[in-house]
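Note sheet for the following structure.
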Amino acid sequence: MTDTWRGALELLSSGSLVSGADIGAALGVSRSAVWKQLQRLQEWGVPIEKIRGRGYRLVGGMELLSRQRILGLLSEDAKLLLGDLVLLEQVDSTNTVARRQIEQGIVHSYVCMAERQTQGRGRLGRTWVSPFGRNLYLSATWEFSGGVAALEGLSLAVGVAVSRAVQSLGVEVISLKWPNDILLNGRKVGGVLLEMLGDPSGLCQVVVGIGINVAMPRDVTIDQPWADLDCFPGVTRNGLAGAVLAELLPLLATYAETRFRGYRRAWEELDAYSGEPVRLLTPGRVVEGVARGVSDTGAICLDIDGTRSFYSGGEISLRKAL
Ligand code: BTN
């Protein structure tokens, strides 16, 4: 019974009209049980139309996350790196789910994705808008032995991995904004949120959270210019999930050796602001200069009146100078 929502959505996924009786018969539940589940999905913003006396239609159709399809896109080597892959219906935040796993001792290569987040988190305390069945919300755990120093630049490297995954699906106009915003034609299409646990100078665990807008409803309110991948026919949610894992798992497995040095050049090739006048908003002050790429540890380099200075830290954000 708990999976009725999934069965019903799968039957409606093509966008055609299906009767409540047919859904109930296919799932072995009553028509009223079907209606109850579909009402719940409607409350979450899933565009299900009830047509009196005829049945239900999911406007525009929907592709649910599928374990089989995602795993089918991974190489044998990548599958060996994957501990667990869990697909969830609704969660507060996949990063919180992954964090709880770490707190329970499941520290390595646990990956979860959700259809919907009720408290999706972005950097700098922002909300990450996470409607049902539209986008990718993914978190992965990994354990590192070298403390936070071993993780320097990891969030930027993950930005490179996500960009490569998106590019592999035919989307070429991807760029990065320091530290780890993924941009499509200059508008934010994805982001990375890293959270650390454990010993900052020894054995520590990291939650890598990745959000990518695939087909955001047009009527959402987001407090910055945003984009999604809706107009790219090569992009499906499962295809994207597989492509992201195919890039992310090897990155995590080798990061202790490669460190950010191994990704610096790739990051700079994707740098949206290279050579541009920018402003860095730090907690205490605003710094203006010309963006000149990043250091081997992922710090941003600004040319300020001919002198190069490096800045890093979770509380800093970057803007184009006006
Ligand atoms: C950013 O502000 O750019 C980071 C956004 C990160 C969003 C993802 S969605 C999956 C994971 N769960 C969360 O609550 N946040 C991250």
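Derivation of every value follows stated rules applied to the coordinates shown; laboratory data play no part. Please read these numbers as outputs of a predicted model, since none were measured by experiment. Positions of Cβ are generated from backbone atoms using ideal geometry, with glycine treated the same way; all protein chains shown enter the neighbour counts.
Quick one: dipole size for the stretch 209-308, taken about the Cα centre, charges +1 on Lys/Arg Cβ and -1 on Asp/Glu Cβ, in debye to the nearest 20. Present the calculation step by step, with values, prior to reporting the outcome.
Working: 10 positive and 14 negative charges, 53 e Å.
With Lys and Arg at +1 and Asp and Glu at -1, about 260 debye.
Starting from the amide H of Arg308, placed 1.01 Å from N in the peptide plane, find each other amide H under 5 Å away whose residue is 5 or more places distant or on another chain.
For Arg308, whose amide H was placed from the backbone, there are no distant partners under 5 Å.
Gain in length, Leu73 to Ile106, computed as 0.36 nm per residue apart minus the alpha-carbon separation, to one decimal in nm? List each step's numbers first, then the result.
Values: separation 33, 0.36 × 33 = 11.88 nm, distance 2.44 nm.
In short, 9.4 nm is gained.
Taking neighbour counts of Cβ atoms within 10 Å as a proxy for exposure, in what order, fewest first, do Arg264, Arg69 appear?
Values: Arg264 20, Arg69 16.
Going from least to most buried by this count: Arg69, Arg264.
Sorting Trp5, Trp142 on the 10 Å Cβ count, fewest up front, what's the list?
On the way: Trp5 23, Trp142 27.
In increasing order of surrounding Cβ atoms, one gets Trp5, Trp142.
Taking the simple approach of a point 7 Å from Cα along Cα-to-Cβ for both Glu268 and Leu17, what is their distance in nm?
Distance between label points: 6.1 nm.
Under a point-charge model restricted to the Cβ atoms of Lys and Arg (+1) and Asp and Glu (-1), what is the dipole moment magnitude of the stretch 27-75 relative to its Cα centre, in debye to the nearest 20?
220 debye
Please compute the length gained on full extension between Arg126 and Leu80, using 0.36 nm multiplied by the number of residues separating them and subtracting their Cα-Cα distance. It would help to have the intermediate numbers written out before the result.
Numbers: separation 46, 0.36 × 46 = 16.56 nm, distance 3.45 nm.
Stretched out fully, the Arg126 to Leu80 stretch lengthens by 13.1 nm.
Using 7 Å Cα-to-Cβ label points, what is the Lys320/Ile51 separation (nm, one decimal)?
In this crude label model, Lys320 to Ile51 measures out at 4.5 nm.
Taking amide H positions as placed 1.01 Å from N in the peptide plane, with prolines and chain starts having none, which residues 5 or more places from Val173, or on another chain, fall under 5 Å of its amide H?
So Val173 has HN proximity to no qualifying residue.
Roughly how compact is the stretch 188-262, stated as its Cα Rg over 2.2 N^0.38 Å to two decimals? Each step should come with its number before you reach the end.
Working: Rg = 15.9 Å, N = 75, 2.2 N^0.38 = 11.3 Å.
Ratio of Rg to 2.2 N^0.38 Å for the stretch 188-262: 1.40.
For a paramagnetic label modelled at 7 Å from the Cα of Arg279 toward its Cβ, which residues of the stretch 301-322 fall within the zone defined by backbone nitrogen distances under 13 Å?
317-322
Of Ser13, Ser163, Ser93, which is the most mobile in a GNM of the chain whose springs link Cα atoms less than 10 angstrom apart?
Ser13
Only Cα pairs within less than 10 Å get springs; with that Gaussian network setup on the chain, which residue of Thr297, Thr258, Thr141 has the largest fluctuation?
Thr258
If neighbour count is taken as other Cβ atoms inside 10 Å, put Ile48, Ile182 in order from fewest to most. It would help to have the intermediate numbers written out before the result.
Numbers: Ile48 18, Ile182 27.
Ascending number of Cβ neighbours within 10 Å: Ile48, Ile182.
Put a dot 7 Å past each Cα toward the Cβ at Glu172 and Arg40; how far apart are the dots in nm?
It works out to 4.6 nm between the two label points.
Roughly how big is the chain's charge dipole about its Cα centre, with Cβ charges of +1 (Lys, Arg) and -1 (Asp, Glu), in debye to the nearest 20?
Numbers: 34 positive and 34 negative charges, 180 e Å.
Dipole size: approximately 860 debye.
Could you give log10 I(q)/I(0) at q = 0.11, 0.12, 0.13 Å⁻¹ for the chain, computed by the Debye formula over C-alpha point scatterers of equal weight, without solvent?
For the chain, the Cα-only Debye profile gives -0.72, -0.84, -0.96.
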